[in-house]
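The structure appears right after this line, and notes come after that.
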Amino acid sequence: MRSKIVAGNWKMNKNNAETEVLLAELSAKLPDTNAEVMVAPTFVNLAAAVQNLDSSKIEVIAQNMHFAENGAYTGEISADMLLNIGIDTVIIGHSERRAYFGETDEILAKKVQAALAKNMRVMFCFGEELQDRKSDNHFKVVESQLKNALFSVDASAWKNIILAYEPVWAIGTGETASPEQAQEMHAFIRQTITKAYDTAIANNVSILYGGSVKPNNAVEIFSKPDVDGGLIGGASLVADDFIAIVKAI
Ligand SMILES: O=C(CO)COP(=O)(O)O
């Protein structure tokens, strides 16, 4: 059975003091839920967040990592460094990493392999741009993103993969995919995984939707059968909004 997940990607927001405040608020107000709840603060706040949170309620995850074990990669962070402070889930492939930091499918494939080799869980993000959707190319684009970065992964490692479909045109724009568009793509993703692997793997992987999920649209999006939760940007920075989204699942 796949799990329901609500994850907050804080991106480059919240300094140390602000992180403490938001985490305290989340800890105090988080309702009992069967869903896994995760937050991804910035690198400099990860260790403190791990120490301050009850990990049985909220898991702290990383926004990125490098594929190398260690070495001359100024400004980068390795899987071991994350594991060493108690982080074992990492977001890989966010569209902002692809767009602003030149992360190609090839680089992402290396990151995925490196994280899985350390037994980390990977939350793999992908999704088409507006022009792909307009030219009706979105299924092809998503299929190739999955193929290029994920489908060389061993079947046995899929238990450590979470997928986050984030159409780029819906990120931070206030425009969401309609629940029907999300469902259609998530079902396509499962079919694609079934073809590359098998039905069990396709049915057991959690597929989150990301892109302008807010308290007022979360219930409808999460009600779709192939949508297993959300990866939340802007709304995860406001405790009450994030909690409302957790309640929606
Ligand atoms: O990029 C996202 C989460 O990773 C989505 O961001 P928004 O919820 O701000 O659109």
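Filtering the range 147-158 to residues that are surrounded by 14 or more Cβ atoms within 10 Å (Cβ to Cβ) and assigned to a loop (DSSP other than H, G, I, E, B) leaves Phe151, Val153.
Considering each residue of the range 78-125, count those that are assigned to a helix (DSSP H, G or I), within 16 Å of the chain's Cα centre (by Cα) and free of Cβ contacts under 8 Å to residues at least 60 places away in the same chain, and give that number. Before you say what the answer is, go through the steps one by one.
Let us first name the residues in the range 78-125 that are assigned to a helix (DSSP H, G or I), namely 79-84, 95-101, 105-117.
Those still in the list that are within 16 Å of the chain's Cα centre (by Cα) too: 95-98, 108-109, 111-112, 115-116.
From what is left, the residues that are free of Cβ contacts under 8 Å to residues at least 60 places away in the same chain are 97-98, 108-109, 111-112, 115-116.
Result for the range 78-125: 8.
May I ask you to list the residues in the range 83-112 that are among the polar types (S, T, N, Q), farther than 24 Å from Asp154 by Cβ and within 16 Å of the ligand (Cβ to nearest atom)? Within the range 83-112, just Ser95 meets the criteria. Report yes if Ala182 is of a type in the set (A, V, I, L, M), touching a Gly at 6+ places or on another chain (Cβ under 9 Å), closer than 22 Å to Val37 by Cα and surrounded by 14 or more Cβ atoms within 10 Å (Cβ to Cβ), otherwise no. Yes; evaluated as a whole, the condition is true for this residue. Taken over the range 1-34, the residue count meeting the criterion of being in contact (Cβ under 8 Å) with a residue 60 or more places away in the chain, on the phi < 0 side of the Ramachandran plot, within 16 Å of the ligand (Cβ to nearest atom) and not in a helix (DSSP H, G or I) is 7. Within the range 123-174, being β-branched (Val, Ile, Thr) and out of contact with any helix residue (DSSP H, G or I) (no Cβ under 8 Å at 6 or more places or on another chain) holds for Ile162, Thr173.
Residue-wise test of (1) more than 12 Å from the ligand (Cβ to nearest atom); (2) within 20 Å of Val122 (Cα to Cα); (3) surrounded by fewer than 22 Cβ atoms within 10 Å (Cβ to Cβ).
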{"position": "Asn160", "(1), (2), (3)": "yes, yes, yes"}
{"position": "Thr173", "(1), (2), (3)": "no, no, yes"}
{"position": "Gly211", "(1), (2), (3)": "no, yes, no"}
{"position": "Ile232", "(1), (2), (3)": "no, yes, no"}
{"position": "Asp241", "(1), (2), (3)": "no, no, yes"}
{"position": "Ala248", "(1), (2), (3)": "yes, no, yes"}
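Being in contact with a strand residue (DSSP E or B) (Cβ under 8 Å, 6 or more places away or on another chain), closer than 20 Å to Asn216 by Cα and in a helix (DSSP H, G or I) is the filter here; which residues of the range 171-205 pass it? Selection gives Ala182 alone. Of all residues in the range 113-144 being under 16 Å from Ile207 (Cβ atoms) and crowded, with 22+ Cβ neighbours inside 10 Å, which is nearest to the ligand (Cβ to nearest atom)? This residue is Cys125.
Only the coordinates and a few stated rules stand behind these numbers; no lab work does. Keep in mind the model is a prediction, meaning the values are calculated, not measured. Note: ideal-geometry Cβ built from the backbone for every residue, glycine included; neighbour counts use all protein chains shown.
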